[in-house]
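The values are calculated or read from the model by the stated rules, or taken from the named source; none is laboratory data. If you're wondering where the values come from, they're calculated on a predicted model, not measured in any experiment. All accessible areas refer to the heavy atoms of the entire protein, side chains included, with ligands and DNA or RNA removed. Shrake-Rupley method; radii C 1.70, N 1.55, O 1.52, S 1.80 Å.
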Amino acid sequence: MACSSSTLISNSLHINQITIHNRLHVSPSVSLNQKLPIYSKNPLKLSTTTIPFASGSAGVESPLISEDTSSSLDLVKVFDLEGNGIPISDLWKDRKAVVAFARHFGCVLCRKRADYLASKKDIMDASGVALVLIGPGNIDQAKSFAEQTKFKGEIYADPAQSSYEALRFVSGVLTTFTPKAGLKIIELYMEGYRQDWKLSFEKDTVSRGGWQQGGIIVAGPGKGNISYIHKDKEAGDDPEIEDILKACCS
């Protein structure tokens, strides 16, 4: 499917205009600015650091970490670039880790997120914190992402998107085509970032429509120790890097 970058961006902005109109009619009583304190070195104790709730495509506020979520994570398996299956909680069982969840391996916004986090890897390394990226897709897609981005952290594939479902990350057209995401894509293209359209249109991505959103957690040491979570409200919704560093390295 041959299509120029300018045409794709133009189409995205046109869809954004339609989205603006539609979103005015979706759960107006729900505030996307509602905040919940969730950062603490002790995950059982809340502090004053806040991040917004993640909201679903229908504008419904979703919970953060619950007992059901913890139980679901115990059943999730991700795969390294060699094809080895690993229980996801093993990634932070014996260490602290910043774990980023990409929208999909072809996503231009996720390539920016990878660079955004890798730029602070020296600080994470000094604190003994691992940097991990997980993407919904197969192992070959994960390998292509690794080769193209030269990401300095660990990369894992989640073909079944089980981790996304366990963490209740949002998904939907209304969380993908937004004015803010459209403008950010234009900025990234101007910076030299590019979407990998081949990866974007592979079966593992197309089967879900490419509407999945991700997030970032800080977890470990200990399987049940998740001390920070950011759920993307929309495509390209990166949290402040200072919040992540405070959660993982202070």
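Across region 135-174, what fraction of all alpha-carbon pairs, as a whole percent, falls in each successive 5 Å bin from zero upward?
6, 22, 24, 20, 17, 11, 1
Restricting things to alpha carbons, find the Rg to Rh ratio for region 123-250 using the Kirkwood radius for Rh.
On the way: Rg = 15.3 Å, Rh = 16.1 Å.
With Rh from the inverse mean 1/r over Cα pairs, Rg/Rh is 0.95.
Spelling out what I want: for every residue of region 154-159, take phi, set θ = phi - 60°, compute 6.51 cos²θ - 1.76 cosθ + 1.60 (Karplus), and round to whole Hz; glycine and proline get x.
Those phi angles translate into 7, 10, 9, 9, 10, x Hz.
Kirkwood hydrodynamic radius of region 55-167 from all distinct Cα pairs, in Å?
Numbers: mean 1/r = 0.0678 Å⁻¹.
14.7 Å is the Kirkwood radius here.
Roughly to the nearest percent, how much of the accessible area of region 70-134 is carbon and sulfur, given a 1.4 Å probe?
About 46 percent, which is the carbon plus sulfur part of the accessible surface.
Could you work out how much longer the chain between N84 and W197 gets when fully extended? Use 0.36 nm per residue separation minus the Cα distance between them, nm to one decimal.
On the way: separation 113, 0.36 × 113 = 40.68 nm, distance 2.68 nm.
So the extension gain works out to 38.0 nm.
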